[in-house]
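Written out below as structure tokens is the structure these notes cover.
Every number here is computed from the coordinates shown, using simple stated rules; none is lab data. These numbers come from a predicted model, not from an experiment. FYI the Cβ positions are ideal-geometry reconstructions off the backbone, even for glycines, and counts take in every protein chain you see.
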Amino acid sequence: MERRQFIESLACAAGIGAASALRPAWAQAAAPAPLNAIERFDAAVKQAPWLAAVKGTAVDLDCESLAIEGRWPAELQGRFYRNGPALFERNGVRYQHWFDGDGMVQQFTFSQRAGKPHVSHRGRFVRTVKFEREQAAGEFLTPTFGSPIPAKVATRGPDDFNTANTNAIEHGGRVLAMWEGGSAFELDPATLATRGPVTWREGWAQVPFSAHPKLDPQGVLWNFGTFGDRLLAYQIGADGKADRMPTTKTQMTKLPLRVGMVHDFAITDRYIVVPIPPVTLDFGAVARGASPEQAFAWRSAEPLRIWVAEKDDISKNRLFELPNEMIFHVGNAHEQDGVIHLSYVGSSGTAFLAGDAVRMMRGELDRPAHGADDRSHTVLAQLDLRSGKATRTALDDSAEFPRVNPQRIGTTARYLLNPTGWKTFPSRPNYWFHGLALRDLQTGKLDRYDYGADVTAEEHLIIPKRGADAARDERNAWVIGTSFDARRKQTAVSVFEASNLAAGPVAVARLPYFIPLGFHGNFTAA
């Protein structure tokens, strides 16, 4: 396929063709966000202060020295990245879906100064094509996932919609800010200045580079991208530098079906494992007058499919089928005796995607009660490579954002870390979690910590201690993560002993302000 046709097909897959982006019918059909949406949201924050975490910001953020409580580990030095949507309002218009906001990368730097621990913070908007264009115009110009924004400019491909708002990782001297359907944007690790979109292969500009790359224990970065019925795989070597692209292998194959929203994946020693949930995404549909439920259409009669391919040749692949289920996030995978063991977080339908992620942005406080079938929970699946059969076991928990010890990515991981909430803390009138749980997958035992009813717990990471060997003890590690305290109106970074979450954090570094809730991030040791 020629590059021009390739990029045009990507734009069309997003629901918007370059030649038709300015059709007058769009503007006529669009239902602009109510002029009082911002005022209504601000009034809701007064009743429910935890909603302030999705108010957003319009400026970059800096704090040279965070206030530290407790005993910060001297060995814990490096850069902790977070990424998430942060700009939701322009010119009296407020985005109506959490996924729509322009991305801001947060960088917490852990160091020692004069023999004492020091933590600083920097938050920078990713200067994408979309962000720069709308900054200049002073208004939103392009359609989004779930807000009624009519197209006001011609578009040439996915990066015209790219918010770079989902994840951030440092690799080979560059920070990558990532989104679902377009380029990764490169940032300077020292300043977080945006260097621009990354093209991993000649002719592949704007080709999707998904938001959940996996860094294997050898330092190789693996990722995938999808559009229509195509899947792309990336293998990015550990030899890259700030002034030199790493050794990169790319592959593309045709899938036996068209896919919608495929968010995460896993790797094993030999395989790439990609869950394909039965949901379709019509990007820009809301701008044309559709509801979020119509934009994210759930196919209840179809199975959850798991696509498994050989790393060395993704044309050698097969599909497994599991009962109908939604997946955003994968924990880990490993192969043993011809069976791939996969952990992920599953849920039924689009209750969050087309429901909660919209309601909270509107400041709606009458959130429907979630039953046992609606909550997100940990699932352990087995994919038998010999028989082609797949089985699953759903655990009785409430969880999201699963992480494992990074030394165990792609191999057996005994412990799974999650924020947790609804079942363990059912009285909290909130859209998010306020506890942590480290699950022993061998025994089922949970080690839990509760931040408290005023605090929202975000994704946390497991960071091996210096010299630690996770093959001997995965919990010889720190757990770090951010949380938003609605009462204090602060964001904090907490550090736990992975061997004893229940004891609470050994140290906390507090910002004098709070930052918008984010999605994902990673840690780079100094």
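Data table
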quantity	calculated
Per-residue [θ]222 nm for the chain (sum of -39500 (n - 2.57) over DSSP H runs n ≥ 4, rounded to 500)	-2500 deg cm²/dmol
Peptides ranked, highest mean first, by Cβ atoms within 10 Å: ranges 401-410, 514-523, 189-198	514-523, 401-410, 189-198
Under 13 Å from LYS152, Cα to Cα: aspartates and glutamates that are on another chain or at least 8 residues apart	GLU134, GLU139, ASP160
Segments 327-333, 72-78 sorted - mean Cβ within 10 Å per residue, highest first	327-333, 72-78
Cα-based convex hull, the stretch 393-526, per residue volume (Å³, whole number)	122 Å³
Separation of alpha-carbon centers, the stretch 118-183 and the stretch 299-349, rounded to whole Å	29 Å
Local electrostatic count at ALA74 - Lys and Arg +1, Asp and Glu -1, tallied over other residues with Cβ under 14 Å	+4
Cβ crowding within 10 Å averaged over residues, with 205-211, 501-507 ranked highest first	205-211, 501-507
Entries of LYS214/LYS249; LYS214/LYS254; LYS241/LYS316; LYS130/LYS489; LYS316/LYS389; LYS214/LYS445 with Cα pairs more than 25 Å apart	LYS241/LYS316; LYS130/LYS489; LYS214/LYS445
Summed residue charge, Cβ within 9 Å of ALA193's Cβ, Lys/Arg positive, Asp/Glu negative	+2
Segment ASP229-ARG487, length gained on full extension (0.36 nm per residue, minus Cα span)	88.2 nm
